[in-house]
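First comes the structure, then the notes that go with it.
Quick note: the coordinates plus some simple rules give every number you see, no bench work behind them. Here the structure is a predicted model, which means the values were calculated and not measured. Glycine also receives a Cβ, built like all others from the backbone with ideal geometry; neighbour counts cover every protein chain displayed.
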Amino acid sequence: MRRSALVLLLALVHLGGGDPLAAQSVRGTVVLATGQDPALPIPFVGTASQGNADVADQLFLRLGTITSAFRTGGDRSLDPQLAASWRREDPRTLVFELDPRARWHDGTPVTARDVAFTWAIASNPRVNPNQAALELVESVTAIGTRTVRVRFRRASSEQLYTFGFGMQPLPAHLLGDVAPEAIATSDFARFPVGNGPYRWERRVPGQFVELRADTTFYLGRPGIHRLVVRVAGDPSARLNLMLAGQVDVLDNLPPPMLEQLVARPEIAPVTVSSTLIVYALFNTRHPGDTTRPHPILADRRVREAMRLALDRTTMARSAFGANTLVPDVAASQLWQWTRPPPPARPSGDVARARALLAEAGWRDSDGDGILDRNGTPLRLAMILPSTSAPRQTLAVQAEAMWRAIGVAVTLERSDFPGYLARRGSGDWDLDLTAVNQDASPRSLLTSWSCASAQSPGSSNVARWCDPTFDRLREAAEAVTGDPTAAWQRAFAHMQAAVPAIFFAAPANQVAVHTRYANVQILPIKAWLNVWRWRVRPEAALPRDR
Amino acid sequence: MTHWLVRRTLDAALSTLGGVLLLVVLVQVLPGDPLAAVIRDFPTDPATLTALRERWGTDLPLGTVVARFVGGALRGDLGTSLAAGRPVTTVLAERLGPTLLLGGLTLLVHFTIGLALGLWTALHPRTLRARVIGGLTLVGYALPSFVIGLILVWLFALTWGWFPPAGYSDPLLASDAGLGAVLLDRVRHLALPLTTMVLATIAVPIRHQRAAVDETREAPWVVAARARGVSPARLAVHHIWRPALTPIVTLLGLWLPMLVGGAVFVEAVFAWPGIGTLIAEATAQRDVPMVVGAGALLILTVQVGSLLADLLYRVVDPAQDAA
Amino acid sequence: MTGTLRAGLVLGGGLVLLAIVGPWIAPDPLAQPDLITGTLQSPSATHWFGTDQYSRDVFARLAAGARASLGIAVGAVVVATLLGTLVGLIAGGARGAAAEALRRAIDLLLGLPRLVVLLVLLAAVGPLTPLSLALVLGATGWPAIARLVRGETLRLRETGFVGAARALGASPLRILRRDILPGAMAPALVAATLGIADAILLEAGLSFIGLGIQPPAPTWGGMILEARDHIASAPWLLLAPGLALVVATTAATLIGDALRHRLLPGTR
């Protein structure tokens, strides 16, 4: 299952030849599909739905865009975008110089005032609930028209990534007089003015948003003239729209959907590495009393047996397709450069699983098919959200395989807010979770550390605390040279501890119409480079004219 | 009549208010953080939480919540959607059009084709055609609407490609396209959802009409008219159908709620941007202001529909007025 | 009319039989014998209705789903009928302000859109079991029955034999129980039978939008949901539960119609 060599970090696909110069005669259209209505595609102001983000990313540039290496540490982790350059003043200060060519779509230049103004909005907790993302930033000061000095709370190799990639400036000259909480109902919200490769054309509520290329875009004329983001809440409806030729590209496709799409001659599959990691987390605490250890799962042999009972290779394939990795640690495909340890018996070993359980004292003494010990049956509850089809697939398969070795696991599915509430309450045995990891393994701090285990409301819901791992993680972060070996040691320790059953580090399976050339789909913010796509003139459709 | 109408309208207004208040109380049982739609799974520190609670007013006591809601509603303000960050009334207005179009056309088909089929099958009960119609409508009624929708999409959109599989309009149609092109586009997008709605529900008007005609068919005045030698066509329309229409007309009012809220499953299959999917999404996201706002709209339709039904009944059957 | 009743009983009896004997003639509906080569197999002698994407036997799931879907629907209707009859009788039998308050309460509840109430309640209940789903469906279905029973009670109260019983000094409770209940039950029974069809469809619809009972337990609506993305390659996944739904709702409708003609002659 180690096919990482096949998985491209950046899918750069030339689906056929095509002369980029001849492409000028074809204007080109891309129709994307999204689940939520992009009704308020304004960074920091609109809710962080996928629909809003997809459109906002086309309208509003970042100071820098992530390089094709997708490593977030250091001061070279970004390529210039709105900022033409940056320099370090001291371990806590970065100074950005904005590109003098950058313009808002109304012709006004992008200035340092815009950046400082937007920081004031982004750091207002009444407006932007995601304060954690920019927590590292202390203050932002405009110096003249094009220089921005950013002061950080502490030294960190992630400073550039945090602010440079996290900041999407808004136009101060249009929003300066609007109260931050009133932006959502302002004229600007109805007709956003951005600075990116695409400008706002129109929105038809509940149906689509249409964007047009900014032909004067200072980084180059977009190869696709029209970008339509179509709304269809139901994944199957999105599939049907693409099957009917009304949508040009779909991502995160489960295998049955991908198969149906690529069976069509005009649709090709593209595999992109992803930041997703899917695992069943073991609760370390007693479900009813977080001061006590878990009565059953505290025994490592039980956790190991439950992992060995599963044919994770088959499960991951049926839920996510052939390009999925089966890991033993919390490392998505984007973190494969840390060379995490290869998985131990990813296809399972039922005999060994039974032996481990017997060793731990679990036997079926009453003959009901469920193991027990001192009168307690081996019954566990696994929570999962009803919104995720792949997780449901995994859960249904795992339940059957666990039942086969005498472990009764009840699946408890709730809608997403109900799931989050349950998860936070600690009243569960296993949590079938899926995390879109940050681009940097430093983010392990938030759910895999003793510090997070003690802070209420953190994402370390299992209260997993392993001082040795903490030490190894901190050592890896402190490495100034190549940290690969240090991360490898940390992950080897995590593998041995079996804190969870890691099911899959899936790839993002994308289906794209074959008429495009220079198709670039990124592992994070997939559509940031759509403006670099082209339509091959000989394959153009009427909608491309 | 005027006195009755005033009293009845007042009654409907009170019932609407009562229903909405009940709903406001009911949504309090929803589990999870009331700010779940805003904070999603972002890690939030206590200071941020306090600021957000203050802004969205989610830690207020129930009495204040109710008072604020009623006060706002009287000014036409139903609050702000937590998930969309926009006024509830704005979102409702955006979604109302598609729902009214689909529901209104369904009702139109019911009260034309549905009634005609009901009359025809009642007058020719023993024919093969009547039995086929009866059987088909029974199967349509017995199938869940979304199964009909899935089958229609499979056949007419994916296999034969005659109609689009989902959506309300074609985004690639030029925004300045002529009226003809726009109309054609609407019809193409309406074809499958409307057929689904009609197939799933037309059994109701057919059966009602058929039962009503069955009653009037052998009524004394019909027998008398037949004896007088009135032509069969005139007999059918004038003497049998007219009186049988009375109970049907009241159906119109009772079906008004369906026009707004009855299509949630069909809307889901066809990604139809209507009120039904809005309510389902809002509940799944704990967007309480949106749930209450959309629910209030539905409650209002129910009350208006029932008022309308009573009114129509009095218009077509003035004898009621005396009672 | 006996033809209608017979047809309904045959169809409904067939499904009940399927639900009862299913476990003996079909394999384990949860077993996933072969996830690699055994998925999405078309109907055959071993798998009468084929297999699904988890290699589970569709016929077995259909039978198990019959138990769940019919059980939930019947349970919901029983709850709704009991509650509705009780409240309706009291509302019809009481006098003065109490009667008026009850009538208003019933009308108020009837004016709430059932789907919105269901969505809220189902989210509040959390992970659903067949029992909790039946209870929630029943708890939202009773006001319609209550209104029906109340109307019938009011009508019967004015009839001669109730007046005679009252004249003979029977207590109001006794009159309600002995003289009015049997008469008022008839429309409730008919409405309940017809309501089974609605409950089956409602359960299927809720499963379809992800608000069904917990996986992996099968219901017909859940099976349809899982069949969605395989409709072109494995249509039996959709057709089997779809057909079962048609048979079940048709049976309930036919029996309900027949009951109405027998118990309530002269009504539509």
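Things to note:
- Per-selection Rg to Rh, the range A:336-424 - Cα, Kirkwood hydrodynamic radius: 1.06
- Whole-percent pair-distance distribution, where bins are 20 Å wide, for the alpha carbons of chain B: 25, 48, 24, 3, 0
- Average Cα contact separation per residue, the range A:292-406, under 8 Å, 6 or more apart, as relative contact order %: 31
- Note: relative contact order over the range B:1-104, using C-alpha pairs below 8 Å and six or more positions apart, is 18 percent.
- Amide H contacts under 5 Å for residue A:31: A:228, A:248, A:249, restricted to partners 5 or more places along the chain or on a different chain, H placed in the peptide plane at 1.01 Å from N.
- Report summary: the helix-based calculation at 222 nm, which adds -39500 (n - 2.57) for every DSSP H run with n ≥ 4 and divides by the residues of the protein assembly as shown, gives -15000 deg cm²/dmol.
- Counted by Cβ distance under 13 Å from residue C:134, the other residues give a net charge of 0, where Lys and Arg count +1 and Asp and Glu count -1.
- Gap separating the Cα centres of the range C:18-32 and the range A:143-201, nearest whole Å: 60
- Relative contact order (%) - chain A, alpha-carbon pairs under 8 angstrom, separation at least six: 21
- Amide H to amide H, with H built 1.01 Å from N, residue A:381 comes under 5 Å of A:410, A:429, A:430, counting only residues 5 or more places away or on other chains.
- Its Kirkwood hydrodynamic radius, worked out from the mean inverse distance over all distinct Cα pairs, puts the range B:200-317 at 17.0 Å.
- Scaled against 2.2 N^0.38 Å for its residue count N, the alpha carbon radius of gyration of the range A:237-288 is 1.73.
- The range A:31-118 - convex hull of the alpha-carbon atoms, volume per residue in Å³: 147
- Inter-part distance, the range C:171-185 to the range B:134-168, computed on C-alpha centroids, equals 48 Å.
- Translational diffusion of chain A, estimated by Stokes-Einstein from the Kirkwood radius over alpha carbon pairs at 37 °C in a medium of 0.692 mPa s, is 131 µm² per second.
- Residues A:544, A:54, ranked from the fewest to the most other C-beta atoms within 10 Å, line up as A:544, A:54.
- If you wrap the tightest convex hull around every Cα atom of the range C:3-105 and split its volume per residue, you get 159 Å³.
- Cα long-axis angle, helix A:112-122 against chain A (0 to 90 degrees, to the nearest 10): 30
- Against chain A, whose longest principal axis is taken from its Cα atoms, helix A:50-59 shows a tilt of about 30°.
- Cα-derived Rg over Rh, computed across the range A:64-175 with Rh taken as Kirkwood radius: 0.94
- With respect to chain C, whose longest principal axis is taken over its alpha-carbon atoms, helix C:130-157 is tilted by about 30°.
- For the range A:82-147, projected area of the alpha-carbon convex hull averaged over all directions, nm²: 5.2
- Fraction of antiparallel bridges per DSSP, the range A:276-504 only, in percent to nearest 5: 65
- Kirkwood-based shape ratio for the range A:276-504, expressed as Rg/Rh from alpha carbons: 0.95
- As an equivalent ellipsoid, the protein assembly as shown spans semi-axes of 54, 36, 30 angstrom, where each value is the square root of five times an eigenvalue of the C-alpha gyration tensor, largest first.
- Pairwise inverse Cα distances across chain C, averaged and inverted, put the Kirkwood hydrodynamic radius at 20.3 Å.
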